[in-house]
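Everything below concerns the one structure shown next.
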Amino acid sequence: MDLENFMVIATYLTTMPNIAIIDNEPQLAKLFETALASRGHKVAFVVGTCGEALETLKTIDKTPDMLVVSADHEADTLNQIRAAFPSIIVKEVRRKAQ
């Protein structure tokens, strides 16, 4: 997930302040978390895999409004999240080719 695409998403999230980040690159995940927080969004959690996200979602009281997912994810697990938590908007962000 590159910062440019991520910031485009963040710009449109004025009505969905509760966001979770799934990214397997910790440095980028921290950067995105900081960018969202600086715009007033609440970051519900940050995890590295969809499996971790699914387990976290099962244990928290308030689910996020949106999951922002990097392109490196497990499609089956992401589909399980979509089925179990249909109210959560899932936005997959593709990484730019290097």
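Structural remarks
- Looking only at the stretch 33-47, and only at residues there that are under 13 Å from N18 (Cα atoms) and in a helix (DSSP H, G or I), the one that is modelled with the highest pLDDT: E33
- In summary, E55 fulfils each of the numbered conditions (1) at pLDDT 90 or above; (2) touching a strand residue (DSSP E or B) at 6+ places or on another chain (Cβ under 6 Å); (3) not basic (K, R) with the single exception of condition (2).
- Residues in the stretch 48-82 that are surrounded by 20 or more Cβ atoms within 10 Å (Cβ to Cβ) and β-branched (V, I, T) were compared, and the one that is farthest from I22 (Cα to Cα) is I81.
- Contact map, the stretch 74-86: residues that are under 12 Å from A53 (Cα atoms) paired with residues that are among the hydroxyl-bearing types (S, T, Y) and surrounded by 10 or more Cβ atoms within 10 Å (Cβ to Cβ), Cβ distance under 8 Å, separation 6+ or inter-chain. Pairs shown: E74/T49; T77/T49; F85/T63.
- Qualifying residue in the stretch 70-82 (condition: acidic (D, E), in contact with a Cys (Cβ under 6 Å, 6 or more places away or on another chain), at pLDDT below 85 and outside any helix (DSSP H, G or I)): yes
- Conditions (1) in contact with a Phe, Trp or Tyr (Cβ under 9 Å, 6 or more places away or on another chain); (2) of a type in the set (A, V, I, L, M); (3) under 18 Å from P17 (Cβ atoms); number of the one not met by L28: (3)
- Residue that is modelled with the lowest pLDDT, among those in the stretch 17-32 that are of a type in the set (A, V, I, L, M) and touching a strand residue (DSSP E or B) at 6+ places or on another chain (Cβ under 7 Å): A29
The values are calculated or read from the model by the stated rules, or taken from the named source; none is laboratory data. Since this is a predicted model, take the numbers as computed values, not measurements. Here Cβ is always computed from backbone atoms with ideal geometry, including for glycine, and neighbour counts include all displayed protein chains.
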